[in-house]
Amino acid sequence: MAAKLNTLTAKECDNATSAGASIRKLHDGAGLYLWVYEDGRKYWRLRYWVGGKEKSISLGVYPKIGLKEARQRRDDNRRLMDGDIDPAVERKAAKRRERLAAGNSFEAVAREWYAKQLHTWAPKHADDVLRRFERNAFPIIGARPIAEIEAPELLEMARKIEKRGAHDLAHRLLQACGQVFRYGIATGACKRDVAADLRGALAPHVKKHQAAVRPEEVPELLRAIDTYGATGDKQTMLALQLLALTFVRTNELIGAEWSEFDQEAALWVIPAARMKMKSEHIVPLSTQALAILGELQILAGRNRFVFPGRNRDKPISNNTMLFALYRLGYKGKMTGHGFRAVASTMLNEQGYRPDVIERQLAHCERDEVRGAYNRAEYLPQRFVMMQAWADYLDKIKAGAQVIPLHGHAA
């Protein structure tokens, strides 16, 4: 005679009490029971046998799991048993799979990849990379197992960024995702780089170069900068003058500390931690640059920063010099980074060796060992070039014609 199935009603489940027993077990059929405790708690349990041994598993709390859902869970587990699978064993295996998937989520793999790259990046670049992931990728695909992510899913994420008009960000993030997938392949978290399938799927992005004046406009720019101390802030004027003389990156200038300078040797050694490529960089100082440093020392006093901001524990911001250029009438025409482009163009026109110019621009190798050896590469030639550059700026500012001065190869 077949055992009765689905014997309980929702009303019976609602009204059930333990009737004075510590636990009362109400049978619904096929091993499904509602356990009713003395304190009113109610739990679904499934009773079954494996290899002649009685076992049971929990199917949830009543009434959160109602009668209909409890029966569905019972039937699902019975189907497992029909396939000779122990529901308790399968449940443990499923939890292990969930833990593995969580450890291999896109966010987990991306953060692991990020941690491996940190020592090769400048702090600002590292912050930018993490911020891109946290704001744009993790909320969408972060919880997904990296091995299950498909190209259309990644494309949808990138196109949401495109719709905001952030085309460069979309390309940069997709490129970084590709690096995460390739790291995932290496560590066994996934089998392929789905980002590679999206080449050409985004709208092409034309990179905008930082604004820079033409060589023939440099003399007027230099004269304008010299006037800034009368109407603006003298420290900012000196910062712009020093930027023109050294053509370092703006962040490298504003973060400068007095401990980095050896004025007797006319050297500025920027530590690797502050360089974009994480390689120490040497800047030979012209007599003009040393004179500016003398003025800055008076302004800075005993502060560790060469360019202390209003909060004396921090340097001035990037915007300080950019807004100064705006006030001088160079909005959209010149940026702090533009001094690098101007120096590169004019020094090349003057016949200096490209290798010497590139080394002084710190366009160095990504290889750390080679970068360490090359920090002083062409240093004698760079001393000559940097002094000649400072002298040249003085001459054109005073009215000399801006013309290529060939034959000065250092």
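Quick notes
- Pairwise centroid distance, computed over Cα atoms, of the range 198-274 with the range 7-40, Å: 78
- The simple Förster model, with R0 at 51 Å and r as the Cβ-Cβ distance, assigns LEU379 and LEU202 a FRET efficiency of 0.75.
- Amide H within-cut-off set for TYR62, under 5 Å, with H built and near neighbours excluded: LYS42, TYR43, TRP44
- Peptide ranges 235-244, 13-22, 142-151, 222-231 listed from the most packed, as the mean C-beta count within 10 angstrom indicates: 235-244, 142-151, 222-231, 13-22
- Viscosity 1.306 mPa s, temperature 10 °C, Stokes-Einstein D of the range 106-198 from Kirkwood C-alpha radius, µm²/s: 120
- Helical contribution to [θ] at 222 nm, DSSP H n ≥ 4, -39,500 (n - 2.57), averaged over the chain, rounded to 500: -15000 deg cm²/dmol
- Overall form of the range 215-397: oblate. Here a/c, set by the Cα gyration tensor axes a ≥ b ≥ c, is 1.5 or more, and a/b is not larger than b/c.
- Candidate values (1) 1.59; (2) 1.98; (3) 1.09, label of the one derived for Cα Rg over 2.2 N^0.38 Å: (1)
- Straight-distance candidates among the lysines for linking to LYS42, with alpha-carbon spacing under 26 Å and chain neighbours fewer than 8 residues away dropped: LYS4, LYS11, LYS25, LYS53, LYS55, LYS64, LYS68, LYS92, LYS95.
- Cβ-based charge dipole, the chain, positive-most Cα from GLY329, CYS13, LEU243: CYS13
- The range 211-282 shape via C-alpha gyration tensor axes, a/c threshold 1.5: prolate
FYI, it's all coordinate maths here, none of it is from the lab. The structure presented is a predicted model; accordingly, all values stated were derived computationally and were not measured. Because the Cβ atoms are built from the backbone with ideal geometry, glycine has one as well, and the counts that use them run over all protein chains shown.
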